[in-house]
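The structure appears below as structure tokens.
The values are calculated or read from the model by the stated rules, or taken from the named source; none is laboratory data. Note that the coordinates shown come from a computational prediction; the quantities given were computed from them, not determined experimentally. Neighbour counts run over all protein chains shown; Cβ positions are idealised from the backbone, glycine included. Accessible surface is based on the protein model in full, side chains and every heavy atom, while ligands, DNA and RNA are left aside. Shrake-Rupley method; radii C 1.70, N 1.55, O 1.52, S 1.80 Å.
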Amino acid sequence: MLLTICIILLFLFVMLGMDIAFAIGMAALAFIAASQFDGRPVNPVLFTKTVTSGVDSYSLLAIPMYVLAGELMTKAGVTRRLINFAASLVAHRPGGLANVGITSNLFMAGISGSAVADAAATGSILIPEMTRRGYSARYAAGVISASAAMAPIIPPSILFILLASIANLSVGELFIAGILPGIVMYVGLIGVSGFIARRYDIPREPKASWAERKRAMQAGILPLGAPLIIIVTKIFGIATPTEAASVVVLYTLIIGVVVYRDMTLKGFFESAIAAAMTTAVLMMTVAFSQIFGQIAVLAGLGRMVQSWLLSISDNPYVLFMIINLLLLVLGTFLDALPLMLILSPIFFPLMTSLGVDPIHFGLVMVFNLVLGMVTPPVGLNLFVMARISGIGMLDVFRGGLPFYCVLWAALLLLTYVPWITLLLPTLLIR
């Protein structure tokens, strides 16, 4: 009963517009306070103890480093250079500037690890340009919001780092496992872009000359060394993902200060402040979600959910479908981070006990939660695109619907064809 009230309060606070971290914290405090009048009171010390211990993790140190690297790349003018590089490669193919948006987000995914950050960075440049050249605003916003969903799958992914900390998984294996699924997403999105362009006769951009491609590559290739550093250091055991994150920050500073010479002292401090604020929000959400998860365990939510699922079927393929549907529905109302923190301790023991590889299940879980970012009514990517394009969230969703269908199809493919996820970790790490 108390847990039910706690969950209702959580949804109520979120619907009223309260920040997700505070909503979770207030709901957890309400549970602890109400339990004092119950037969099994919860010690209030649990709140402070779990909140502080929840962020006391070495692997979580990678998050501020990757966030800072992304901010520094933005200040160094990397986004514009990557967009120009992408345009020189794919703008002349069927799909035009939509191809540029998809390819740019593929490149940006290997730098920021955040879908919202990628959507804002590429959308602020490409959406005005696409509308100026005759694309509808909702189509432009839709394709950017969908292609930004690659960021949490392709390394370095902030959600992968958090999941590894929660479920005791290898950050490096999750990073490597996300490479092929990211390519699957990219190929599917480019395919739909070309199909729509041919059907509605969307004009192509002029083909870049080899000299133009060479100049664009020279300007845009260096930032792509960041994900390469992460992958190579993990494969050869040179550094942990946390140490690699620090190397990426140094690499980014060298690019911005020495090579591009666009990084100023003011820009560095602005990047550091923005990274600190973003990290603070993330860590607050992690901390309060940990106490909520602890309360769910004390209330027996994990046992209830596992018993309910096993009463339906003990076939992992059937359970995969049910869990996918649950995560897709919940992801439309709640942010990916708290959902992952609360539900991982429930779903991981169940699925791994049925023989499902934890790396495979982890990637599928993150993919599900990412799709919540492009689904109304609380899709963060939709909100960002609506703000940039000046249209409603539902208009963004309608414009991107063909691309979202590709992402849903990719989710099914990755769910039931695990070798796509596990091939590279098996060959390169295990």
Can you run down the residue pairs with Cβ atoms below 7 Å, 6 or more apart or on separate chains, where the first is in the stretch 1-22 and within 18 Å of ALA296 (Cα to Cα) and the partner is loosely packed, with under 12 Cβ neighbours inside 10 Å?
LEU2/ASP38
Matching entry among MET26, MET18 (being outside any helix (DSSP H, G or I), of a type in the set (A, V, I, L, M), out of contact with any strand residue (DSSP E or B) (no Cβ under 6 Å at 6 or more places or on another chain) and surrounded by 12 or more Cβ atoms within 10 Å (Cβ to Cβ))
MET18
Quick check: anything in the stretch 215-231 among the polar types (S, T, N, Q), under 19 Å from PHE107 (Cβ atoms) and open to solvent by 20 Å² or more (accessible area, probe 1.4 Å)?
yes
Which of the numbered conditions does GLY95 fail, given that it passes all the others? Conditions: (1) touching a residue at least 24 places away in the same chain (Cβ under 8 Å); (2) more than 14 Å from ILE144 (Cβ to Cβ).
(2)
Tabulated pairs, the stretch 234-263, first of a type in the set (S, T, N, Q), second open to solvent by 70 Å² or more (accessible area, probe 1.4 Å), C-beta under 8 angstrom, 6+ apart or interchain:
THR242/TYR58; THR242/LEU61
Name, by its number, the condition in (1) open to solvent by less than 60 Å² (accessible area, probe 1.4 Å); (2) within 27 Å of LEU97 (Cβ to Cβ); (3) modelled with pLDDT of 80 or more; (4) aliphatic (A, V, I, L, M) that does not hold for ALA167.
(2)
Tabulated pairs, the stretch 106-129, first among the polar types (S, T, N, Q), second surrounded by 24 or more Cβ atoms within 10 Å (Cβ to Cβ) and outside any helix (DSSP H, G or I), C-beta under 7 angstrom, 6+ apart or interchain
SER112/ALA151; SER114/ALA151
Test VAL116 against the stated conditions and say whether it is more than 23 Å from THR421 (Cα to Cα), open to solvent by 10 Å² or more (accessible area, probe 1.4 Å), assigned to a helix (DSSP H, G or I) and not basic (Lys, Arg).
yes
Kindly indicate whether GLY256 is of a type in the set (Gly, Ala, Ser), out of contact with any Leu (no Cβ under 8 Å at 6 or more places or on another chain) and assigned to a helix (DSSP H, G or I).
no
Give all pairs with beta carbons closer than 6 Å in which a residue from the stretch 362-390 that is in contact (Cβ under 8 Å) with a residue 60 or more places away in the chain and closer than 20 Å to ILE153 by Cβ meets a residue that is outside any helix (DSSP H, G or I) and open to solvent by 10 Å² or more (accessible area, probe 1.4 Å); count only pairs at least 6 apart in sequence or on separate chains.
GLY362/LEU169
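Yes/no matrix, rows are residues, columns are (1) open to solvent by less than 40 Å² (accessible area, probe 1.4 Å); (2) among the aromatic types (Phe, Trp, Tyr); (3) modelled with pLDDT under 90; (4) within 26 Å of THR131 (Cβ to Cβ):
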| site | (1), (2), (3), (4) |
| --- | --- |
| VAL184 | no, no, no, no |
| ILE202 | yes, no, yes, yes |
| LYS207 | no, no, yes, yes |
| TRP210 | no, yes, yes, no |
